[in-house]
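Only one structure is covered here, and it is reproduced in the block below.
The values are calculated or read from the model by the stated rules, or taken from the named source; none is laboratory data. This is a predicted model, so every value here is computed, not measured. Here Cβ is always computed from backbone atoms with ideal geometry, including for glycine, and neighbour counts include all displayed protein chains. When the accessible area is computed, the model is the full protein with side chains, heavy atoms only, and any ligands, DNA or RNA have been set aside. Shrake-Rupley method; radii C 1.70, N 1.55, O 1.52, S 1.80 Å.
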Amino acid sequence: MADQGSTNSRTSCTIESTDGVTLDARVYHPISDNNSTDNVVVAVLVHPYSVLGGCQALMRGIARGLSNRGVIAVTFDSRGAGKSSGRASLTGSAEINDVISICKWAVTNFSTRKIILVGSSAGAAIAGSAVDQVEEVVAYVSLGYPFGFTASILFGRHQKAILQSPKPKLFVMGTKDGFTSVKQLENRLKDAAGHNTTHLIEGASHFQMEGPAFDSDMVNLILEFITTL
């Protein structure tokens, strides 16, 4: 399927998760005359909490922006969302398998050794639990990680994995995030393993950051981060 009005192309596919769930996915391909797969970078984007309506469409703007700048981007509906089969889990634990499966599919189909995992909101928590389970994931980007007390009731079990990962990490958050305060973010990252970078967006709320108005900012931050790897 061609994505009209863009300098990239988009294809649809179905990918099977490790436990048999079928995942509806989109791949955003850069248009380039260079067909080499050497050093190809693939960004796998994990959408916000599907229980509250999160789906891959929310990541479409970032995916388009990344592919326009030469990065293959993959979005998908996690189990129970969109056209994907299965049922969403309340804590996002089952969805870890979905992320791992998408990453492994990308490794096979693009012969890549460089996957950047990008998660938004609850998707950041879920993606964080998958980072060290796929060797080819070389870095992680969090857009609005739910570190706050209330959010941790649901997603706290994911925090240990990402905070102990030695892989490079970028945490992007609005200073008006209603789920995590700047102080909570700083406290969580204080003793985190590996190299951790934070970027605060002044005045932005949690759900504002999920909106299309910030897509270009997210793309620029992700690309800048990739250049540091």
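Remind me, relative contact order of the chain in percent, using alpha carbon pairs under 8 angstrom and six or more residues apart? Provide the component values of the computation, followed by the final result.
Working: 507 pairs, mean separation 38.2, N = 229.
Worked out over the chain, it gives 17 percent.
Between A193 and Q164, what is the label-point separation in nm under the 7 Å Cα-to-beta-carbon projection?
The two pseudo-label positions are separated by 0.7 nm.
For the pair S93 and E202, what calculated FRET efficiency results from E = 1/(1 + (r/R0)^6), where r is the Cβ-Cβ distance and R0 = 25 Å, to the nearest 0.05?
0.15
Put +1 on the Cβ of each Lys and Arg and -1 on the Cβ of each Asp and Glu in the range 10-228; which of V44, G86, G61 then has its Cα farthest toward the positive end of the dipole?
G86
Leaving out ligands and nucleic acids, note down the accessible area per residue over the range 10-228 with a 1.4 angstrom probe, in whole Å². Could the numbers behind the result be given before it?
Working: 9530 Å² over 219 residues.
It amounts to 43 Å² per residue over the range 10-228.
May I ask you to list the trypsin sites (Lys or Arg not before Pro) in the range 158-225 that are in a DSSP loop and have at most 12 other Cβ atoms within 10 Å of their Cβ? Please report the intermediate quantities before stating the final value.
Working: sites: K160, K169, K176, K183, R188, K190; in loops: K190.
Sparse-neighbourhood loop trypsin sites (Lys or Arg not before Pro): K190.
Check every DSSP H run in the chain and write down those whose alpha carbon atoms cover 20 angstrom or more along the long axis and whose mean Kyte-Doolittle hydropathy is -1.0 or greater.
Passing helices, by number: 95-110.
About its Cα centre, how strong a charge dipole does the chain have in debye, to the nearest 20, once Lys and Arg get +1 and Asp and Glu get -1 at the Cβ?
Numbers: 19 positive and 20 negative charges, 55 e Å.
So the magnitude is around 260 debye.
Over 21 Å between C-alpha atoms is what I'm after, so list which of K160/K190; K83/K114; K104/K167; K114/K167; K114/K160 land there.
On the way: K160/K190 13 Å; K83/K114 28 Å; K104/K167 18 Å; K114/K167 12 Å; K114/K160 23 Å.
Beyond 21 Å between Cα atoms: K83/K114; K114/K160.
Among V107, T197, F179, whose Cα lies farthest out toward the positive end of the dipole of the range 10-228, if unit charges sit on the beta carbon of Lys, Arg (+1) and Asp, Glu (-1)?
The residue sitting most towards the positive pole is F179.
Near the amide H of V137, under 5 Å away, which other amide H atoms are found, from residues 5 or more places off or on another chain, if H is placed in the peptide plane?
Answer set, sorted by chain and number: I115.
Rounded, prolate or oblate, given the Cα gyration tensor of the chain, with a/c below 1.5 counting as rounded? Write out the running numbers ahead of the final one.
On the way: a/c = 1.44, a/b = 1.27, b/c = 1.13.
It comes out rounded by the Cα gyration axes.
Of all the accessible heavy-atom surface of the chain, with the other protein chains kept in place and a 1.4 Å probe, what percent is carbon and sulfur? List each step's numbers first, then the result.
On the way: 5170 of 10240 Å².
Carbon plus sulfur share of accessible area: 50 percent.
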